[in-house]
1. Efficiency by 1/(1 + (r/R0)^6): what FRET value for Gln165 and Asp38, r their Cβ-Cβ distance, R0 = 30 Å, to the nearest 0.05?
2. Work out from phi, with θ = phi - 60° and the Karplus expression 6.51 cos²θ - 1.76 cosθ + 1.60, the ³J(HN,Hα) of each residue of region 125-141, listed in order in whole Hz, and give x for Gly and Pro.
3. For region 3-313, what is the charge dipole size about the Cα centre, in debye to the nearest 20, if Lys and Arg each add +1 at the Cβ and Asp and Glu each add -1 at the Cβ?
4. Provide the per-residue ³J(HN,Hα) series for region 272-280, in order, calculated from phi with Karplus coefficients 6.51, -1.76, 1.60 and θ = phi - 60°, each as a whole number of Hz, with x at glycine and proline positions.
5. Rounded to the nearest 20 debye, what is the charge dipole size of region 184-328 about its Cα centre when +1 sits on each Lys and Arg Cβ and -1 on each Asp and Glu Cβ?
6. Helix 104-118 sits at what angle to the longest principal axis of the chain, using alpha carbons and giving 0 to 90 degrees rounded to 10?
7. So which residue, out of Ala240, Ala250, Ala167, gets the largest mean-square fluctuation from a GNM of the chain using Cα contacts under 10 Å as springs?
8. Using per-residue counts of other Cβ atoms within 10 Å, averaged over each peptide, order 160-166, 226-232 from highest down.
Amino acid sequence: MRYTRLGHSGLQVSALALGCMSFGEPDQGGHRWSLPEDESRLLIRQALDHGINFFDTANVYSNGSSEEIVGRALADFAPRDEVVIATKVHGRMRPGPNGGGLSRKAIFAQLDASLRRLGTDFIDLYQIHRWDPEVPVEETMEALHDVVKAGKVRYIGASSMFTWQFAKAQHLAEGNGWTRFVSMQSHYNLLYREEEREMLAFCADQGIGILPWSPLARGRLTRPWGDTTRRSENDAFGSALYDTDSGDRAIVERVAEIAESRAVPPAQVALAWVTQKSPVTAPLIGVTKASHLDDAIAALGLDLTQKEMDALEEPYLPHPVAGHTIIR
Ligand SMILES: NC(=O)c1ccc[n+]([C@@H]2O[C@H](COP(=O)([O-])OP(=O)(O)OC[C@H]3O[C@@H](n4cnc5c(N)ncnc54)[C@H](OP(=O)(O)O)[C@@H]3O)[C@@H](O)[C@H]2O)c1
């Protein structure tokens, strides 16, 4: 496993982060395709055996069940100090006022709930899952600074939003001497490259780590166009993101051609493309089978040529912004 620093921070993370949205009791929350605890534990163990030290979950994943499963597995399998636990806040965890969002009250309550579910007294990377237009960003940034100073959080990060929003938050933190974000989780893969317009360049310039989410377009880059799986048939958010063919089919076919010429599965090619894109730090990989993890590890060693990178990118057409406003 390769390790790298998360942006300009001192935090060392593996070049792959295990996305833990796949783990959660299927009858809790909106992910009917997620894996129950016994199956999840096998994959978490396998990831640790491969040297992955970076685990990404969220309070909303399977309504907290992902955090519970990940917390118990990591406590059983690894010393706390050796793993980097990332989770997120913003999504609604209960109906009614203050049940979600990024107010001071919600952040303090949701952080304590995540700590309880994860069975730990600190989060390594606490991320805002989206922008909250209803809360002054000053309130959010000061609250995040306070939870760092209270020792409950080591670093803070953000996820999908417009670059101007992210820049505004960073500027505000800097001006007030508050903790700055060290990472951005962006929707980024061969089927969705709109982040190349502004966000990736901003992060490279500012030394902010980039963590692409859904690097395989929730599986669509791994199989022939139109093929389905249990997950894809039960993944409403994925259908909303990808299931209109705006030139995507040609990209999926290009991935398959290069995979065939290299005699490797398409997943390896699509993931190798993400890991080779500067300034990506570590994609958040989604796995529901042991072989998915093996492919992800192999992708780190698959060195695509510039010609192959260009061929993969060539069919892309601009897409409408997707993934900024809905939380899953
Ligand atoms: N910040 C955010 O808003 C946000 C949003 C989404 C996700 N995330 C993070 O990103 C992580 C990854 O998201 P994702 O699961 O959508 O990632 P993904 O890597 O795009 O998709 C994972 C899916 O691809 C398929 N797959 C993976 N490897 C494969 C292989 N070798 N061969 C064939 N199929 C393969 C599997 O589909 P099947 O299960 O259908 O076989 C798997 O469930 C999440 O766990 C979460 O941590 C964050």
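1. The calculated FRET efficiency here is 0.15.
2. 9, 9, 10, 7, 6, 7, 6, 10, x, 8, 10, x, 5, 4, 5, 5, 5
3. Result for region 3-313 is approximately 480 debye, rounded to the nearest 20.
4. 4, 4, 4, 5, 8, 7, 7, x, 4
5. 400 debye
6. Here the helix axis deviates by roughly 60 degrees.
7. Of Ala240, Ala250, Ala167, the Gaussian network model singles out Ala240 as fluctuating most.
8. Descending packing order for the listed peptides: 160-166, 226-232.
Every number here is computed from the coordinates shown, using simple stated rules; none is lab data. All values derive from a computational prediction rather than experimental measurement. With ideal geometry, Cβ positions are generated from the backbone for all residues, glycine too; neighbour counts draw on all protein chains shown.
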